[in-house]
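Right, one structure below, let's go through it.
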Amino acid sequence: MDKQRISYIVSCYLKQTATLSELNELKVILADKRNEHLLKDLLEEEYYLLKKDSVLPHINQTAKDNGLKIITSFPQKKSEFKILPIFYSAAAAAILVILSVLIYNTQSKKENLTKVKSVITPGKFGAILTLSNGKKIALADVKNGQFASEDGVKISKTAQGKIQYSGAASKENLTNSVSTANGQTYQVVLPDGSRIWLNSASKISYKASLVENGLRKVQLSGEAYFEIAQDKTKPFIVVSENQEVKVLGTHFNISSYPNDDVHSTTLLEGQVTINGTKLNPGYQALLKNGNVVVNKTDVRMAIDWKNGEFICVNTPLSTLMNKISRWYDVEIVYLNNSSKSKTFSGSLSRYDDLEQLLKVLDFANIKSKTENRKIYITN
């Protein structure tokens, strides 16, 4: 291969314009010992351009060690030893650029050498169903159609991905549960046709028949939205931490995470009672320290998660970041605790990657940095 072609290939690579074919050609060049002196001379010339433009990438220690082995393997004249400590450490850095792409990028079909960031994606549809015998089923892995039964009650997965109970059971002692981890959401259709949407890090438990002592009853930890089928003969009860919500047929949302100071129930349609306190549509009941306080509210904020949003109106940053933590399965670290009391107003999509969401917050002067799965709030 002639000098002009080698010079062209090396130059394309160092400018990050080389195609995959040219990267493979470079690999052949490097493997040919006859090119060692020419390659070294070219890299020495290109190094000054790299340094000037500040495009030398960060290379991990393994690649650095390999690069140093190669640079020291080049035959050297005695006169060159005087400049080795300064110049050849720089030339080695240029060769490391080539090493890094050969080791990490050639097989990936990427044509440019870039520092690849770990993309934190939003949550997805998924949950674990636990049957009365203790068997756990990852619902994301289940095929559509019936996949289990409990004393005559069929449990199926629909084409939309939710699970559906149908039929009646003769026993009332067969308890099932559906739980979501951080970064998951799911939907369940109960035997009476009632529908439940589960938010992240949440769990519902119920009898396979749904009926317990003549009542339809569900226990909740976390957050869920309910659309309850009417049945005046069997009231529907939702039990969560320190509260009991009683309904006949209605649409409502309950947020009752174990570590939250305040637990809320928001009514969209119908009528419910919370620990005996009546709640009308458009109102929210807040439970704190055993006391129930009822306020008129914007119901859209209560069910934003179900509709794929984070809707905030003067929302404390700590409240918003708790939601982000559960949905993206990340840890939030505040470098200044006073940041928790900052407020944010706006609408964010739950379908955006985390990086895009944090850019929006940055425009609102909420600064952050991400390392692995930790978000540091820096101001």
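What follows draws every value from the coordinates through simple rules; no lab data is involved. Since this is a predicted model, take the numbers as computed values, not measurements. Here the Cβ is made from the backbone with ideal geometry for all residues, glycine too, and neighbour counts use every protein chain on show.
The table below gives the values:
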| item | result |
| --- | --- |
| Neighbour net charge for residue 155 - beta-carbon separation under 12 angstrom, K R +1, D E -1 | +2 |
| Intensity falloff of segment 124-300 expressed as log10 I(q)/I(0), Debye formula with alpha-carbon point scatterers, at q = 0.09, 0.20 Å⁻¹ | -0.30, -1.38 |
| Projected label distance in nm at residue 374 and residue 343, using a 7 Å step from Cα toward the beta-carbon | 3.1 nm |
| Peptide ranges 360-366, 224-230, 150-156 listed from the most packed, as the mean C-beta count within 10 angstrom indicates | 224-230, 150-156, 360-366 |
| Span from the segment 200-244 Cα centroid across to the segment 169-199 one, whole angstrom | 9 Å |
| For segment 124-176, alpha-carbon Rg relative to the globular expectation (2.2 N^0.38 Å, N residues) | 1.12 |
| Order of 320, 190 under a 10 Å beta carbon neighbour criterion, fewest first | 320, 190 |
| Efficiency of FRET between residue 333 and residue 283 - r from beta-carbon atoms, R0 41 angstrom, step 0.05 | 0.70 |
| Normalised contact order of segment 124-300, rounded percent, pairs of Cα under 8 Å and 6 or more residues apart | 12 percent |
| Per residue convex hull volume, Cα atoms of segment 309-377, in Å³ | 73 Å³ |
| Inter-label distance, nm, simple model (7 Å from Cα along the C-beta direction), residue 229/residue 168 | 1.2 nm |
| Computed over segment 309-377: relative contact order in percent, which uses C-alpha pairs under 8 Å that are six or more apart | 40 percent |
| Peptides 331-339, 235-243, 194-202, 283-291 ordered by average Cβ neighbours within 10 Å, highest first | 194-202, 235-243, 283-291, 331-339 |
| Derived scalar couplings ³J(HN,Hα) [segment 283-296; Karplus, 6.51 cos²θ - 1.76 cosθ + 1.60; whole Hz; x for Gly, Pro] | 10, 10, 9, 10, 10, 9, 6, x, 9, 9, 10, 10, 9, 6 |
